[in-house]
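J.: Handing you a structure now.
The values are calculated or read from the model by the stated rules, or taken from the named source; none is laboratory data. Bear in mind that the values here come from a model prediction, so they are computed numbers and not experimental data. We place every Cβ from the backbone using ideal geometry, glycine too, and count neighbours over all the protein chains shown.
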Amino acid sequence: QVQLGESGGGLVQAGGTLRLSCAASGSILTINAMGWYRQAPGKQRELVAEFTSGGSTNYADSMRGRFTISRDNAQNTVYLQMNSLRPEDTAVYYCHAVVLVHGLGRLNGYWGRGTQVTVSS
């Protein structure tokens, strides 16, 4: 019903930058919330940044000031600009969206497949 396609991951040196993109497609009526999570090996998945249902942004403390989330509503796309990357930012980054799907009458949550970000020291 809804697909999330991520891109932009890769290998970068510490202090470098990357920009992730996530485009939502499918039977979308509205996107209620959309953002990024990450999961490092052996750790739980954690919030990176998101647009909330009220339209505001929410960042994890360790990313605030280094990462910036933005969006293109017309394209159902969110971006994550990551600056001053650190080795501890190495993780699989997942896109997440809460979507009102045509014909369902309720909000559903969807995950992308993830994109690997590796930061070398």
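J.: Within the range 100-110, restricting attention to residues that are over 18 Å from Asn58 (Cα atoms) and either among the acidic types (Asp, Glu) or part of a strand (DSSP E or B) (or both), which residue is modelled with the highest pLDDT?
T.: Applying the first criterion (over 18 Å from Asn58 (Cα atoms)) to the range 100-110 yields 100-108, 110.
From what is left, the residues that are either among the acidic types (Asp, Glu) or part of a strand (DSSP E or B) (or both) are 100-101, 107-108, 110.
Details: Leu100: 94, Val101: 91, Leu107: 93, Asn108: 94, Tyr110: 97.
Restricting to residues being over 18 Å from Asn58 (Cα atoms) and either among the acidic types (Asp, Glu) or part of a strand (DSSP E or B) (or both), the top hit is Tyr110.
J.: Restricting to the range 19-42, name every residue that is over 15 Å from Gly114 (Cα atoms) and in contact with a strand residue (DSSP E or B) (Cβ under 8 Å, 6 or more places away or on another chain). Break it down into steps so the answer makes sense when it comes.
T.: Here is the first cut: in the range 19-42, the ones over 15 Å from Gly114 (Cα atoms) are 25-33, 42.
Those that are over 15 Å from Gly114 (Cα atoms) and in contact with a strand residue (DSSP E or B) (Cβ under 8 Å, 6 or more places away or on another chain): Ser25, Gly26, Ser27, Ile28, Leu29, Thr30, Ile31, Asn32, Ala33.
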